[in-house]
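Written below as structure tokens is the structure these notes are about.
Just so you know, all these numbers are worked out from the coordinates, no wet-lab data involved. Since the structure is predicted, the reported quantities are computational estimates derived from the model, not experimental observations. Reconstructed Cβ throughout: ideal geometry from the backbone, glycine too, with neighbour counts over all protein chains shown.
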Amino acid sequence: MSEAALIGLFVATVQFGTLVFLAALGELIAERAGVLNLGVEGMMTMGAVSGFMVGLETGSPWAAFFAAAAVGSLVGGFHALVSVVLGADQVVSGLALTIGGLGLAAYVGRNVVGERPETQFTDLGIAGLADIPWIGEIFFDQPPVVYLTVLLGLAVWFVLARTRLGLAIRAVGESAATTDTAGHSVMALRSVAVMVGGAFAGAAGSFLSLYMAPGWTEGMVAGRGWIAVALVIFGAWRPGRLALGALLFGFTLALQPRLQTFDIEVLGLDVSSISPALLGVLPFVLTVVVLVIISWRHRHRPSVAPAALGLPYRREER
Amino acid sequence: MAKKFLLKLFVVVATLALVVAGCGNDDDDAAPEPAPAPATEAPEPEPAATEAPEPEPMATEAPMDDEVVAAFVFVGPVGDAGWTWAHDQGRRFAEEQTGATTLFVENVPEVAEDFRAVVVDFIENEGADVIFGTSFGYMDPMEELAGEYPDVVFEHASGFKMNDTNFGNFFGRMYQPRYLSGMAAGAMTETNQIGYVAAFPIPEVLRGINAFTLGAQRTNPDVEVHVNWTFTWFDPALEGDTASALLEAGADVIAMHQDSTAPGIAAQEAGARWVSYNSDMSAFAPDAYITAPVWNWGPYYARIIEAVGAGTYSPGAYWGGMDDEIVTLAPPADDVPAEVIDEVIEVWDQIVAGTWDVFTGPITDQDGNVVVAEGETMDDGAMLGMGFFVEGVVGSADPS
């Protein structure tokens, strides 16, 4: 295996990791507030198409990125309306978002399918650092979204762990009634969390259509929204573990096309003969393994998942 | 409880509304285009496409209508720059050539009920005389519908079923232009390593890889073609990244079998070269583009529509080659050396004349076994069931 191949593996790891981390970070916010949103795939797809279209119109990747975030948060707002305000089943509403988001994106983007991108994010060679062998190419010559995502990860951790707002969000995810009694608006907290989560997913979608595979076509998110949902569970609803999990998931995604080119043996097994199709399910297998480990370690304690996750809240109803 | 049920119902209905909105637009688009652009993909001049397969100018059985209505069912969007785009170019060409009314619906899934609903609507409400289905998965419902509507002609791309009266299939010998594109690619590589982003390990894909490799070896005996399987027909992010993986491993030219342009964009970013597929995708990565084996369905569509109009249609299993121009090679990039282009044209002429074909021996497989002996040519049956890689391909023809 050449040096270029190994560096390429880690460059792609960071990029795929960023993609799923950004989307999963949004899902983490919503779930910490007690709202399960299975619409990540739909929100990402809407972000991918709207980001690409705004990029075509404006020629600015940043305008596209923030437009995608806005659209993602609008789509998330639909989930908030149905499941938080109206109290409908979160699973049904979230799935509706995925199925509906894919269909709506196909409709919205019907005239720009296969269109040549006008703009896309480019790698940001950070002066001085990008020239360091190995490390420079992997960490300091990436598109700006990568660095923004790292900052967002820190910000989410800080807000959740160190601020009153974060405390309120976590509280509403553990016990909505208690938070209500304490004078916070359950509806407002949860709706905002879901909409911010949607913004993250939409932005992640535009990272796909403006950098990783510039252009728009139906189904281009190709299940990575579901990987983000799994990643939140893998990360045990904590931003730090989420980041580690994202690197691991990103590594398996980057490995998928590369393993076939690797001429190495591990424990007598020729790795290039491992099916890339099998690698595609690895994130989900890892998630199940982690779920089992978590439930085993916590067998005498309450689950690590937010206690009120998935439960709609209506005052005076129990 | 009732309230909760109503809310669930609302969610479901809202979802359906969105999904329907996603599909509903197609009817507007199905109106005939005012000024169809002719499909002028072929670098060589088009033949007058008025020749019906069996010309019977005096056919007396007049068709029911004044003009033929031809309806196309597409699996993808017409703007995909790939498979469906090429079929739509063919539809436009046939419409201009024949004066027939053409209709189409995009994004029809390979689900029997969905396909059937679209086709029944075409026949009962739009008066379609001939249905073209352009995806393999339409085969069984087409067979059924052909039995139910004996007066309508059904033509299926890429399948193998047919009947004696109104159901035929058609495909093209894409391996021929793939060979020619391989010749150009072999001449352009400097590392003697070409990366091939491969879709699924099925005969059609293996045939393409083998033909490409044989072509590359003709202009460059030292060349290796490294194959990476994606197990996708369309996942741009994965296919682009697969191209990157091949480039990182030392390839400097990328070829591919999927519909997406992402491998080309990846090649261009790496300063490498690219052989696209389906249609001339040069606009997406102009610096990387070398050439492309492309589909040119128009003349075939025009012939079938004319035969249907003249009442002379009879179904067949058509596997046309470069001589029929159903497959061809897109124009090469400016920097492909003139002597290479001359050699390509020479082989092109031999293929068209029928004096030589791609899988002519001696051909050895990856293990060094002679698959086609010197002086022999592989028959269609063996080509359609191809399950091996030729010598020079690096990768597994039967990945786990």
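Where is the GNM fluctuation largest for chain A (alpha-carbon springs, 10 angstrom cutoff): A:Ile227, A:Ile169, A:Ile126?
With Cα springs under 10 Å in chain A, the top fluctuation among A:Ile227, A:Ile169, A:Ile126 is at A:Ile126.
Cut-off is 10 Å between beta-carbons; in what order do B:Trp297, A:Trp226, A:Trp134, B:Trp85 appear when sorted fewest neighbours first?
Details: B:Trp297 26, A:Trp226 19, A:Trp134 11, B:Trp85 22.
Ordered from fewest to most neighbouring Cβ atoms within 10 Å, B:Trp297, A:Trp226, A:Trp134, B:Trp85 come out as A:Trp134, A:Trp226, B:Trp85, B:Trp297.
Could you please rank A:His184, A:His298, placing first whichever residue has the fewest other Cβ atoms within 10 Å of its Cβ? Intermediate results must be reported in sequence, preceding the final value.
On the way: A:His184 19, A:His298 13.
The order, fewest Cβ neighbours first, is A:His298, A:His184.
Shielding by partners for A:265-273, please: the mean number of other protein chain Cβ atoms within 10 Å of each residue's Cβ. If you can, show how the numbers build up before the last one.
On the way: counts 0, 0, 0, 0, 0, 0, 0, 5, 3.
Per-residue shielding by partner chains comes out at 1.
Under the classification rounded if a/c is under 1.5, otherwise prolate if a/b is larger than b/c and oblate if not, where does segment B:317-372 fall, given a ≥ b ≥ c as square roots of the Cα gyration tensor eigenvalues? Present the calculation step by step, with values, prior to reporting the outcome.
Working: a/c = 2.18, a/b = 1.29, b/c = 1.69.
Since a/c reaches 1.5 but b/c is at least a/b, the shape of segment B:317-372 is classed as oblate.
For segment B:115-198, run through the chymotrypsin sites (Phe, Trp or Tyr not before Pro) and keep only the ones in DSSP coil with at most 16 other Cβ atoms within 10 Å of their Cβ.
Details: sites: B:Phe115, B:Phe122, B:Phe132, B:Phe136, B:Tyr138, B:Phe154, B:Phe160, B:Phe167, B:Phe170, B:Phe171, B:Tyr175, B:Tyr179, B:Tyr196; in loops: B:Phe160.
Answer by residue number: B:Phe160.
What residue among A:Val232, A:Val289, A:Val91 has the largest mean-square fluctuation in a Gaussian network model of chain A, using Cα springs under 10 Å?
Per the Cα network of chain A with a 10 Å cutoff, A:Val289 tops the list.
Check every DSSP H run in chain A and write down those whose alpha carbon atoms cover 20 angstrom or more along the long axis and whose mean Kyte-Doolittle hydropathy is -0.5 or greater. Could the numbers behind the result be given before it?
Numbers: long enough: A:3-32 (41 Å, 1.42); A:40-58 (26 Å, 0.94); A:61-79 (27 Å, 1.25); A:90-108 (25 Å, 1.57); A:144-162 (26 Å, 1.95); A:186-207 (32 Å, 1.50); A:239-258 (28 Å, 0.81); A:282-297 (22 Å, 2.23).
Helices passing the filter in chain A: A:3-32, A:40-58, A:61-79, A:90-108, A:144-162, A:186-207, A:239-258, A:282-297.
Where q = 0.10 Å⁻¹, what log10 of I(q)/I(0) comes from the Debye formula for segment A:35-169, counting one point per Cα?
-0.47
Sort B:Tyr313, B:Tyr300 so that the residue with the fewest other Cβ atoms within 10 Å of its own Cβ comes first and the one with the most comes last. Walk me through the numbers on the way to the answer.
Values: B:Tyr313 23, B:Tyr300 26.
Exposure proxy ranking, most exposed first: B:Tyr313, B:Tyr300.
Taking square-rooted eigenvalues a ≥ b ≥ c of the alpha carbon gyration tensor, is segment A:90-141 rounded, prolate or oblate, where a/c under 1.5 means rounded and, failing that, a/b exceeding b/c means prolate? Mind showing how you got there, number by number?
Values: a/c = 5.80, a/b = 2.02, b/c = 2.87.
Here segment A:90-141 falls in the oblate category.
Just to confirm my numbers, what's the Cα centroid distance between segment B:335-400 and segment A:1-72 in Å?
So the two Cα centres are separated by 43 Å.
Other chains' Cβ within 10 Å of B:74-80 residues: what's the mean? Intermediate values should be presented prior to the final figure.
Numbers: counts 0, 0, 5, 9, 3, 9, 4.
So the per-residue partner count for this stretch is 4.
If you take each beta carbon of peptide A:107-120 and count the beta carbons of other chains within 10 angstrom, what is the mean? Show your work: numbers first, answer last.
Values: counts 9, 2, 2, 9, 4, 2, 10, 15, 4, 8, 3, 0, 0, 2.
Neighbouring Cβ atoms belonging to other protein chains average 5 per residue here.
Classify the protein assembly as shown from the C-alpha gyration tensor, please: rounded if a/c falls under 1.5, else prolate or oblate depending on whether a/b exceeds b/c. Before the final figure, lay out the partial values.
Numbers: a/c = 2.27, a/b = 1.43, b/c = 1.58.
Here the protein assembly as shown falls in the oblate category.
Gaussian network model of chain A, Cα springs within a sub-10 Å range: biggest mean-square fluctuation belongs to which of A:Ala230, A:Ala193, A:Ala222?
Among A:Ala230, A:Ala193, A:Ala222, the largest mean-square fluctuation in the Gaussian network model of chain A belongs to A:Ala222.
At most 13 other Cβ atoms within 10 Å plus a DSSP loop assignment makes a site exposed; report the longest stretch of chain A without any exposed GluC sites (Glu not before Pro). Walk me through the numbers before you get to the answer.
On the way: sites that count: A:Glu316, A:Glu317.
After excluding every exposed loop site, the longest remaining stretch is A:1-315.
Net charge near A:Ile233, counting Lys/Arg +1 and Asp/Glu -1 over other residues with Cβ under 10 Å of its Cβ? Present the calculation step by step, with values, prior to reporting the outcome.
On the way: positive: none; negative: A:Glu27, A:Glu31.
Taking every Cβ under 10 Å from that of A:Ile233, the sum is -2.
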